[in-house]
Amino acid sequence: MRTLVTGGAGFIGSHLVEKLLAAGHEVSILDDFNDFYDPAIKRANIAGVSDHVRVHELDLRDTGAVKELFHREKFDIVAHLAARAGVRPSIGNPQLYYDTNVSGTLHLLEAARATGIERFIFASSSSVYGISKTVPFSEDLHLTQTISPYAATKIAGEFLCSTYSHLYNMRIVALRFFTVYGARQRPDLAIHQFTRRIHAGHPIDQFGDGTTRRDYTYIDDIIQGVTAALHYEGPLFDIFNLGESDTIELRELIAGIEEALGRKAQINRLPEQPGDVPITCADISKARKLLGYNPTTRLRDGLPKFVEWFLQGSERRTSNAEHRTSNS
């Protein structure tokens, strides 16, 4: 199958690309390599597959470029993972988030409709649940409010997907990801940021009293859910939670990183941040039943794996720096 992965050079996208290649897909990547974090990290993410994929460096906001790509390449499947991510930065720049996440998704759907795409996967987010008091979060919850522009763009993307599915009989699956972590995690996310700063002996910022809870989901489990959605034959439009259905407090997460690193954190305690939710917790019974989704990596096992990956990368960076110094 000719499969396009938008955001394919990012954290989750690069893992999905590798999985699809192993399954025999002909894979293309669409990524704009923006500077939200160092674009060199994204290029490194796909260095190992660069000879086996086509990389299209373009911006989803450019509707003409998106249309031209779809008509030229004739994809069968789109896995739409590209987005401006992050709750806090979306508050500072809501227009950019709307233009990329909402208009960009619309441009993809239009191109998919026009070229007869067989299946469209949309990466949504647990943030759409806002401050729901019904825990765990189920897909059939009636959602009436989001509390960040990022979350609002994700629920808008879901509604666009459901509309296109209804109007044009497109098979679309929306997947609500719950705090994904693992090798290649974005450097701005909590687990990566805390690990990096604790390892370097720098203080970390803890927003609130440390009792907020998150449903952390290991990357391998997320990828298993995404690939299962590629074979889903239920309703033309459907939504699934992909999480671990388990939560941990922020202060427990920090303690786990301390244990894995063998170092204590210096904690800078700050007020709670606008847009942050007190808890995320996925009801994954629907995904288990209909997708065969079966997360197997609990945080107590996945966190040491992440720290091991980080330390290996740290050793490589140190070695490369020493090599450059010795040759200068």
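The values are calculated or read from the model by the stated rules, or taken from the named source; none is laboratory data. Computed from a predicted model, the values in this text were never measured in an experiment. Methodologically, a virtual Cβ is constructed for each residue, glycine included, from the backbone with ideal geometry; neighbour enumeration extends over all protein chains shown.
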Exercise for review: From Ile121, Ile172, grab the single residue that is closer than 23 Å to Tyr216 by Cβ, in contact with a helix residue (DSSP H, G or I) (Cβ under 6 Å, 6 or more places away or on another chain) and of a type in the set (A, V, I, L, M).
Suggested key: Ile121
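Can you name the helices (runs of 4 or more DSSP H) wholly within segment 16-112 that have at least 2 residues being crowded, with 21+ Cβ neighbours inside 10 Å and at pLDDT 95 or above? Steps first, answer last, please.
Details: elements: 39-45, 63-73, 87-92, 94-97.
Of the helices (runs of 4 or more DSSP H) lying wholly inside segment 16-112, those with at least 2 residues that are crowded, with 21+ Cβ neighbours inside 10 Å and at pLDDT 95 or above span 39-45, 63-73.
Hey, among the residues in segment 168-184 that are of a type in the set (A, V, I, L, M, F, W, C) and assigned to a loop (DSSP other than H, G, I, E, B), which one's nearest to Glu118 (Cα to Cα)?
Our first condition is that a residue be of a type in the set (A, V, I, L, M, F, W, C); within segment 168-184, this holds for 170, 172-175, 177-178, 180, 183.
Still in the running and assigned to a loop (DSSP other than H, G, I, E, B): 170, 178, 183.
Details: Met170: 7, Phe178: 26, Ala183: 31 Å.
Here the residue is Met170.
Here's the yes/no breakdown for (1) modelled with pLDDT of 95 or more; (2) surrounded by fewer than 17 Cβ atoms within 10 Å (Cβ to Cβ); (3) among the hydrophobic types (A, V, I, L, M, F, W, C); (4) out of contact with any Leu (no Cβ under 8 Å at 6 or more places or on another chain):
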residue: Gly208; (1), (2), (3), (4): no, yes, no, no
residue: Thr217; (1), (2), (3), (4): yes, no, no, no
residue: Gln224; (1), (2), (3), (4): yes, no, no, yes
residue: Ala228; (1), (2), (3), (4): yes, no, yes, no
residue: Glu233; (1), (2), (3), (4): yes, yes, no, yes
residue: Leu242; (1), (2), (3), (4): yes, no, yes, no
residue: Glu249; (1), (2), (3), (4): yes, yes, no, yes
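Yes or no: Ile77 touching an Asp or Glu at 6+ places or on another chain (Cβ under 7 Å) and either of a type outside the set (Asp, Glu) or farther than 17 Å from Asp32 by Cβ (or both)?
On the way: touching an Asp or Glu at 6+ places or on another chain (Cβ under 7 Å): yes; either of a type outside the set (Asp, Glu) or farther than 17 Å from Asp32 by Cβ (or both): yes.
Here the answer is yes, as Ile77 does meet what is asked.
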Point to revise | When residues of segment 135-167 are limited to those that are surrounded by fewer than 14 Cβ atoms within 10 Å (Cβ to Cβ) and not in a loop (DSSP other than H, G, I, E, B), the one nearest to the chain's Cα centre (by Cα) | key: Phe159
Revision key, fill the gap. Note on segment 164-193: residues in contact with a strand residue (DSSP E or B) (Cβ under 9 Å, 6 or more places away or on another chain) and among the basic types (Lys, Arg) are Arg171, Arg176
